[in-house]
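Visitor: Sharing a structure here in C-alpha cells format.
The values are calculated or read from the model by the stated rules, or taken from the named source; none is laboratory data. Just so it is clear, the model here is predicted, and its values are computed rather than measured. Using ideal geometry, Cβ is built from the backbone for each residue, glycine included, and neighbour counts are taken over all protein chains shown.
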Amino acid sequence: MKRALLCLAAIATLALPVASFAETPKITNGMVVDDDGMTLYAFDKDTVPGKSACAGACATMWPAAIADSYDKANGDWGFIATSDGKHQWTYKGRPLYRFAQDKQPGQMNGDGFKGIWHTVKP
C-alpha cells in the first residue's frame, strides 16, 4: 500500500505545472541575467559551499538573486538558503547577486568591482 501511494504521489507531481528554467536566470549576450535582464554577479569571497559571504552592507549593495517559489534547480543551476529562509540562485555552486548600481538591463557596473566581483559567464 505504501509503495502504491508513493507511485501515485510521484505521478501527481509530474502532472503539476513546473516553471521552465529558462525563465530565470538566463543567458543574454554571454552573461547570466535575471528574468528582468539585470546582470548577475559572483563574489570571490564565497568560498564555503552552500553559504553566502555577503551580509549587512555588502548585501545592501549586492542583493542576492532570489528565486521565485516556483523555480526549480536544474543542472548547473541551484539554490542556497538565505538567512531569512528564501532561496538564492547559484551557478555551479556559486551564489548569484545583483549590483545596486546597475539601473538598466545589460549594465555591468559591478564587473571587476574591488577585484572581487565578477559578471557570471557560462
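Visitor: Return only the number of the condition from (1) hydroxyl-bearing (S, T, Y); (2) surrounded by 19 or more Cβ atoms within 10 Å (Cβ to Cβ); (3) in a loop (DSSP other than H, G, I, E, B) that T90 does not satisfy.
Guide: (3)
Each row is one residue, and each column tells you yes or no for (1) under 19 Å from M31 (Cβ atoms); (2) crowded, with 16+ Cβ neighbours inside 10 Å; (3) in contact with a strand residue (DSSP E or B) (Cβ under 7 Å, 6 or more places away or on another chain); (4) not small (G, A, S).
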residue: D44; (1), (2), (3), (4): yes, no, no, yes
residue: T47; (1), (2), (3), (4): no, no, no, yes
residue: W62; (1), (2), (3), (4): yes, yes, yes, yes
residue: K72; (1), (2), (3), (4): no, no, no, yes
residue: R94; (1), (2), (3), (4): yes, yes, yes, yes
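Visitor: If you don't mind, another one. Within the range 68-105, restricting attention to residues that are more than 10 Å from the chain's Cα centre (by Cα) and aliphatic (A, V, I, L, M), which residue is modelled with the lowest pLDDT?
Guide: Among those that are more than 10 Å from the chain's Cα centre (by Cα) and aliphatic (A, V, I, L, M), it is A81.
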